[in-house]
Amino acid sequence: MSHLDEVSARVDAAIAEGVITHMNELLIVLSDDAELSREDRYTQQQRLRTAIAHHGRQYKEDMEARREQLTKGGSIL
């Protein structure tokens, strides 16, 4: 297995896990990975950034929907 394949598998696992902290840590590790080409490093980091952004939007939407359910009629049920 090539180094790129290993990194890609780690990125896949971090995205599947859905833990922002782990994705951010992997972003930092990739920044210093001299074995990857600049393009490959950018591609993997961009996958992580996209997953982080999507996770943030989804979390915000879920919280707004939850608040709407809890505040029917203007007061918390």
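The values are calculated or read from the model by the stated rules, or taken from the named source; none is laboratory data. As the structure is a prediction and not an experimental result, all values here were calculated from the model. We place every Cβ from the backbone using ideal geometry, glycine too, and count neighbours over all the protein chains shown. Note: areas computed on protein heavy atoms with side chains; ligands, DNA, RNA excluded. Shrake-Rupley method; radii C 1.70, N 1.55, O 1.52, S 1.80 Å.
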Worksheet item: Quick check: anything in segment 47-61 basic (Lys, Arg) and within 9 Å of the chain's Cα centre (by Cα)?
Response: yes
Worksheet item: If you check Asp5 against the conditions, is it among the charged types (D, E, K, R), out of contact with any Pro (no Cβ under 7 Å at 6 or more places or on another chain) and assigned to a loop (DSSP other than H, G, I, E, B)?
Response: no
Worksheet item: Looking at segment 8-26, is at least one residue in contact with a Ser or Thr (Cβ under 9 Å, 6 or more places away or on another chain), surrounded by 10 or more Cβ atoms within 10 Å (Cβ to Cβ) and either of a type in the set (D, E, K, R) or not in a helix (DSSP H, G or I) (or both)?
Response: no
Worksheet entry | Odd one out for Met23 among (1) at pLDDT below 80; (2) within 9 Å of the chain's Cα centre (by Cα); (3) not aromatic (Phe, Trp, Tyr) | (1)
Worksheet item: Any idea which of (1) surrounded by fewer than 10 Cβ atoms within 10 Å (Cβ to Cβ); (2) modelled with pLDDT of 95 or more; (3) not polar (S, T, N, Q) is the one Asp32 doesn't satisfy?
Response: (2)
Discussion item. Among the residues that make up segment 35-53, is at least one of them open to solvent by 70 Å² or more (accessible area, probe 1.4 Å) and of a type in the set (A, V, I, L, M, F, W, C)?
Written reply: no
